[in-house]
Amino acid sequence: MKVYYNSKIAKVVTFLADFATVMLFGVVFTEEKKLSERDKFHEASHVEQYETLFGSGLALAVGIMFTCFTFDCYGWWMLALIAIPVFLFYVWYLVEFLIRLIMYRDADKAYRMIAFEQEAYTLQDEYLKPCSERRYASSFSFLKYYNTNT
Ligand SMILES: [Zn+2]
């Protein structure tokens, strides 16, 4: 996992929020000089989630592209399809946050209840366990957090 410390990007992105670390496009940016093991494990879950949705988005974009070719429809606009894998994680994250904000009317709870965050918070203390017993985010493992409580 690539981490940029003392990052100006992290400062800009988190200037309104009460946190100092952010995962952008599979890479972690932090305002801190050092990240705790807990924070590293938290961000590692987000990187895995991002990569899963990037792969799915890429498959979707290629599918749309070939569907268009089939109907003899193509052009430079198709380059815009690359936005699907790049931004799918963030669109999902934002839409889920907004839905939960309407549900709970509490921004902090809405944030905590996003499935991506539930998984990251659940797995961030795995570093305390011996290596052989640690659980990690993998593929679509975040989906199971839609079953637990509300
Ligand atoms: Zn998080």
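The values are calculated or read from the model by the stated rules, or taken from the named source; none is laboratory data. Treat the numbers as computed from the prediction; the structure is a model and nothing was measured. Positions of Cβ are backbone-derived with ideal geometry, glycine not excepted, and every protein chain shown enters the neighbour counts.
Quick look at the values:
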quantity	calculated
Candidates 8, 34, 40, 2, filtered to the one that is basic (Lys, Arg) and surrounded by 14 or more Cβ atoms within 10 Å (Cβ to Cβ)	40
Checking residue 111 against (1) assigned to a loop (DSSP other than H, G, I, E, B); (2) within 16 Å of the ligand (Cβ to nearest atom); (3) touching a helix residue (DSSP H, G or I) at 6+ places or on another chain (Cβ under 7 Å), the condition it does not meet	(1)
First in segment 119-137 and in a helix (DSSP H, G or I), second anywhere and within 16 Å of the ligand (Cβ to nearest atom) and of a type in the set (D, E, K, R), Cβ under 8 Å, 6 or more apart	120/43; 121/112; 127/37; 127/38; 127/40
Sole residue being away from the ligand (no atom under 16 Å from the Cβ), hydroxyl-bearing (Ser, Thr, Tyr) and modelled with pLDDT of 95 or more, chosen from 121, 104	104
Residue 13 being out of contact with any Asp or Glu (no Cβ under 8 Å at 6 or more places or on another chain), surrounded by 15 or more Cβ atoms within 10 Å (Cβ to Cβ) and modelled with pLDDT under 95	yes
Segment 46-63 residues that are over 18 Å from residue 81 (Cβ atoms), paired with ones that are at pLDDT below 95 and within 15 Å of the ligand (Cβ to nearest atom) (beta carbon under 6 Å, 6 or more apart)	47/1
Any pair with Cβ under 6 angstrom, 6 or more apart, that starts in segment 1-22 at a residue that is over 26 Å from residue 107 (Cβ atoms) and ends at one that is among the aromatic types (Phe, Trp, Tyr)	4/29
